[in-house]
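Here is the structure we will look at, set down as structure tokens.
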Amino acid sequence: MIPAQFDYARPGSLAEAVQALAGGGDDAKVIAGGQSLLPLLRLRLAYPSLLVDIGGLDSLRCVRNDGDALVIGAMTTHYSLTRDPLIRDHCGLITAAAATVADPAVRHRGTIGGSLAHGDPAGDLPAVMAALDATLLVTGPGGEREIAAADFFVDYLTNSLAPGEILTAIRVPKLGPGWGYRYEKFQPTAQAWAIVGVAALVRRENGHVAQARIGLTNMGTVPVRAHAAEAAAAGAAASREALAAAAEHADEGSAPPSDLRASAEYRRHLARVLTGRALAGAAGIG
Ligand SMILES: Cc1cc2nc3c(=O)[nH]c(=O)nc-3n(C[C@H](O)[C@H](O)[C@H](O)COP(=O)(O)OP(=O)(O)OC[C@H]3O[C@@H](n4cnc5c(N)ncnc54)[C@H](O)[C@@H]3O)c2cc1C
């Protein structure tokens, strides 16, 4: 299908982009890599009056050190996430998860900012950002502000950006010594969306799990932190049996959808199994 008519702006600076977006009213939308938005336009599920193309804002394509964190520009593509040495060395969970997103063509155009702003609970990066306790940096008509990943995702395809605000970057705490990670994704075919995904981080100390953080993909309308499984894993022996027992709590507090691909009950089962594998992998025993 052919999209409905829209106006198009390609600003040369962030300030111009914010001005164009704010001036476009409620129906104006940002377009980044277009990998989620263009299909919606073609199906006429979205029909913005104005598209503000931020593809020319090179300042949003960056990965830089910021003390004990990394700052990743919103226009950084999935492909760049998989190749960046700073991300690999300090936040390897992102490298691992980004490599599972779609196919090379989508990874070369799709961006981390678009993936998070789109807020699809089946997307891989939202749960990863929840597990990493990332902070989202946004700029709008009222200036700059920061939003914790836990507060950014509000509902299905709905985020907490105010009208006219643009997501500019994501600040991710570096994983220090002792931390391991694993992203487990169950998908029907290669290069497909997750039926369920699990992002796990484990800090080991003296053969035990000192701390665990777990984000679940596609187990609700927003990415879910598996707090009960995290609490059960903390202090447990770093053994397959102990971590599998902790993973039995993975689906607590989630509300997975039932759809043509999987029932809610099957997703709950997958969440428990994949969490066991992800925790073991993150603890270095899987
Ligand atoms: C065939 C196919 C398979 C896919 N498989 C997967 C998969 O397995 N896993 C996965 O995670 N994703 C998958 N995706 C989605 C892909 O990751 C997209 O790249 C991503 O969801 C959107 O990024 P984008 O830059 O293309 O955003 P766009 O499509 O340009 O924008 C998406 C939404 O975010 C908003 N937006 C974009 N950037 C900003 C910003 N900086 N500030 C404010 N709002 C912004 C737009 O207004 C729009 O509403 C798939 C896509 C396709 C086409």
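The values are calculated or read from the model by the stated rules, or taken from the named source; none is laboratory data. Source: prediction; values computed, not measured. Because the Cβ atoms are built from the backbone with ideal geometry, glycine has one as well, and the counts that use them run over all protein chains shown. SASA here: full protein model, heavy atoms, side chains in, ligands and nucleic acids out. Shrake-Rupley method; radii C 1.70, N 1.55, O 1.52, S 1.80 Å.
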Quick check, is ASP155 near the ligand (Cβ under 9 Å from one of its atoms) and over 11 Å from the mean Cα position of the chain (by Cα)?
no
Total residues in region 178-211, condition over 23 Å from ALA122 (Cβ atoms) and open to solvent by less than 30 Å² (accessible area, probe 1.4 Å):
3
Considering only region 1-38, how many residues are open to solvent by 50 Å² or more (accessible area, probe 1.4 Å), closer than 23 Å to ALA102 by Cβ and free of Cβ contacts under 8 Å to residues at least 40 places away in the same chain?
2
Quick one: in region 260-283, which of the residues that are open to solvent by 60 Å² or more (accessible area, probe 1.4 Å) and in a loop (DSSP other than H, G, I, E, B) is nearest to GLN187 (Cα to Cα)?
ARG261
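Say we look at region 69-88 and pick out the residues that are in a helix (DSSP H, G or I) and more than 16 Å from ARG107 (Cβ to Cβ); which of these is farthest from the ligand (Cβ to nearest atom)?
My answer is PRO85.
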Every residue in region 24-62 that is closer than 20 Å to ALA192 by Cβ and within 8 Å of the ligand (Cβ to nearest atom), please.
GLY33, GLY34, GLN35, SER36, LEU37, LEU38, PRO39, LEU40
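Picking from ILE170, ILE147, ILE214, which residue would you name as being crowded, with 24+ Cβ neighbours inside 10 Å, closer than 22 Å to ILE72 by Cα and within 16 Å of the ligand (Cβ to nearest atom)? Walk me through how you get there before you give the answer.
Values: ILE147 fails: crowded, with 24+ Cβ neighbours inside 10 Å; ILE214 fails: within 16 Å of the ligand (Cβ to nearest atom).
None of the others qualify; the one that does is ILE170.
Name every residue in region 96-108 that is within 6 Å of the ligand (Cβ to nearest atom) and open to solvent by 30 Å² or more (accessible area, probe 1.4 Å), in order of residue number. Before you say what the answer is, go through the steps one by one.
Filtering region 96-108 for residues within 6 Å of the ligand (Cβ to nearest atom) gives 101-102, 106.
VAL106, the sole residue that qualifies.
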